[in-house]
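Novice: Quick one: the structure is below, questions incoming.
The values are calculated or read from the model by the stated rules, or taken from the named source; none is laboratory data. Because the structure is a prediction, the values reported are computed rather than measured. Because the Cβ atoms are built from the backbone with ideal geometry, glycine has one as well, and the counts that use them run over all protein chains shown.
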Amino acid sequence: MKYRKIPNETVRRLPVYLRGLAQLSQQGVFSVSSSKLADFVNINAWQIRKDFSYFGDFGTRGVGYSIERLSKQIKKILRLDTLHKAAVIGAGNLGSAVLAYPGFRTYGFDIAAAFDSDPEKIGKNINNIVVEDVSRLNALRKRQVDIAIIAVPEKAAQQVTDSLVRAGIKGILNFSPKRISVPKKVKVITIDIASDLARLPYYIPSG
């Protein structure tokens, strides 16, 4: 199914809805109204309805949304209805935390590999993933890994990125503060924890 151009903010909210639906399902809930979902995920009901309107009519008037059906629809929109294998590059403190995080399974991601250049980290087992030498990144294509998570020092980020692109990686989640360059066919999402933290004091009342 083809969708018209969707605002980036809407795409960013879809995983939030999906996580909320999963939590409601775990509580034994089978259907949910936009207002109830709004309370659960802390997003306005009108915004939820507007976001869903880009993709068609998911709900039934007076009944709400079937959680199972809506979850399947959102996964299809986000292309999460098929398994995505991901690799973590950098097995330091941040990379190790990413490897240990269980939440990726909620969205159907399989963290299939980890890499580092430090001999002391290579061979280490983290959450049942054995850290490999970063020189083996070119093997990712054969292993059908299409997503990478970069958690390396700033100075190594672009070199690692170039190797990942050559290995056929199509999507990169970048935890490095460095802005990396990639071909148009590769999507990069950068998460700068320090920069986001720097915005927080602005919202805290002084005194």
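Novice: Out of curiosity, is G95 in a loop (DSSP other than H, G, I, E, B) and out of contact with any helix residue (DSSP H, G or I) (no Cβ under 8 Å at 6 or more places or on another chain)? Before you say what the answer is, go through the steps one by one.
Specialist: Values: in a loop (DSSP other than H, G, I, E, B): no; out of contact with any helix residue (DSSP H, G or I) (no Cβ under 8 Å at 6 or more places or on another chain): yes.
Considered against the rule, which asks whether it is in a loop (DSSP other than H, G, I, E, B) and out of contact with any helix residue (DSSP H, G or I) (no Cβ under 8 Å at 6 or more places or on another chain), G95 comes out as no.
Novice: I've got another one for you. Keeping to the stretch 99-117, report how many residues are farther than 20 Å from G28 by Cα and either touching a residue at least 60 places away in the same chain (Cβ under 8 Å) or among the aromatic types (F, W, Y) (or both).
Specialist: Going through the stretch 99-117 one residue at a time, the tally reaches 4.
Novice: Moving to a separate point now. Looking at the structure I just gave you, is N127 modelled with pLDDT under 95 and in contact with a helix residue (DSSP H, G or I) (Cβ under 6 Å, 6 or more places away or on another chain)?
Specialist: Criteria met by N127.
Novice: Related question: Quick check: is even one residue across the stretch 57-66 outside any helix (DSSP H, G or I), small (G, A, S), more than 30 Å from R143 (Cβ to Cβ) and free of Cβ contacts under 8 Å to residues at least 24 places away in the same chain? Outline the logic, then answer.
Specialist: At the first step, the residues of the stretch 57-66 found to be outside any helix (DSSP H, G or I) are 57-66.
After this cut, where a residue has to be small (G, A, S) as well, the list is 59, 62, 64, 66.
Restricting the remaining residues to those that are more than 30 Å from R143 (Cβ to Cβ) gives 59, 62, 64, 66.
If we keep only those that are free of Cβ contacts under 8 Å to residues at least 24 places away in the same chain too, we end up with 62.
Checking the stretch 57-66: at least one residue is outside any helix (DSSP H, G or I), small (G, A, S), more than 30 Å from R143 (Cβ to Cβ) and free of Cβ contacts under 8 Å to residues at least 24 places away in the same chain.
Novice: Scan the stretch 134-145 and tell me whether some residue there is under 15 Å from the mean Cα position of the chain (by Cα) and either not in a strand (DSSP E or B) or not polar (S, T, N, Q) (or both).
Specialist: From the stretch 134-145, those under 15 Å from the mean Cα position of the chain (by Cα) are 145; that's our starting set.
Subsequent filtering for residues that are either not in a strand (DSSP E or B) or not polar (S, T, N, Q) (or both) retains 145.
Checked against the condition, which is being under 15 Å from the mean Cα position of the chain (by Cα) and either not in a strand (DSSP E or B) or not polar (S, T, N, Q) (or both), the stretch 134-145 yields at least one hit.
Novice: Related question: Cβ-Cβ under 9 Å, sequence separation 6+ or interchain: first residue in the stretch 118-133 and in a strand (DSSP E or B), partner among the aromatic types (F, W, Y). Which pairs?
Specialist: V131/F115; E132/F115; D133/F115
Novice: Restricting attention to the stretch 1-53, report how many residues are assigned to a helix (DSSP H, G or I) and not polar (S, T, N, Q).
Specialist: First, pick out the residues of the stretch 1-53 that are assigned to a helix (DSSP H, G or I): 8-26, 34-41, 45-53.
Filter once more, so that each one left must be not polar (S, T, N, Q): 9, 11-22, 24, 36-41, 45-46, 48-52.
Residues in the stretch 1-53 being assigned to a helix (DSSP H, G or I) and not polar (S, T, N, Q): 27 in total.
Novice: Follow-up. For the stretch 162-184, check the following and say yes or no: at least one residue is of a type in the set (S, T, N, Q), surrounded by 15 or more Cβ atoms within 10 Å (Cβ to Cβ) and part of a helix (DSSP H, G or I). Please lay out each step first, then the result.
Specialist: Applying the first criterion (of a type in the set (S, T, N, Q)) to the stretch 162-184 yields 163, 174, 176, 181.
Narrowing the set further to residues that are surrounded by 15 or more Cβ atoms within 10 Å (Cβ to Cβ) leaves 163, 174, 176.
Imposing the further condition that a residue be part of a helix (DSSP H, G or I) reduces the set to 163.
The answer is yes; a qualifying residue exists.
Novice: Could you tell me whether A198 is aliphatic (A, V, I, L, M), closer than 22 Å to L94 by Cβ, surrounded by fewer than 12 Cβ atoms within 10 Å (Cβ to Cβ) and within 20 Å of the chain's Cα centre (by Cα)?
Specialist: When the stated conditions are applied, A198 does not pass them.
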